[in-house]
Amino acid sequence: MWDDLRCDDLPQGSSCQARFRHARNAARERRRAAAIRVESRTMAVDVCAHITGTVWKIEVKPGDEVAEEQSLVILESMKMEMPVEAPQAGRVLEVKVTEGEAVEEGDVLVTLE
């Protein structure tokens, strides 16, 4: 967002210019820090719940090889079953939930590598 703007677009010597520079530099630093964290995690991917519900069935176990879009967990919410699929192919590193467990939207269900 901040990279699209330029300091020259703001009035010279204004406090807006200083705030802009600070915000732009902070955004760049956050992106650099995030990139470093991703590299240090050996590219593990957390698969999260997309709805609030109950874990109805776990279809994988640690060590399983999974394909992209393969069903990992089935959540039940309001009498409907909704599969949670793998965003990419990989190997199941950890299953962080148990069948019957209540989960909130955004909770980590499975970690892939």
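The values are calculated or read from the model by the stated rules, or taken from the named source; none is laboratory data. Since the structure is predicted, the reported quantities are computational estimates derived from the model, not experimental observations. Neighbour counts are summed over all protein chains in view; Cβ atoms, including those assigned to glycine, are modelled from backbone coordinates with ideal geometry. For the accessible areas, the whole protein counts, side chains as well, though only heavy atoms, and no ligand, DNA or RNA atoms are used. Shrake-Rupley method; radii C 1.70, N 1.55, O 1.52, S 1.80 Å.
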- Item | Sole exception among (1) at pLDDT below 70; (2) on the phi < 0 side of the Ramachandran plot for Thr42, by number | (2)
- Counting only residues in region 80-113 that are among the β-branched types (Val, Ile, Thr) and not in a strand (DSSP E or B), the one surrounded by the fewest Cβ atoms within 10 Å (Cβ to Cβ) is identified as Thr98
- Working only within region 74-96, note down all residues that are under 13 Å from Thr111 (Cβ atoms) and in contact with a Lys or Arg (Cβ under 7 Å, 6 or more places away or on another chain). Val92, Val95
- Item | Unique residue being open to solvent by 80 Å² or more (accessible area, probe 1.4 Å) and either at pLDDT 75 or above or of a type in the set (Asp, Glu) (or both) when the list is Glu59, Glu65 | Glu65
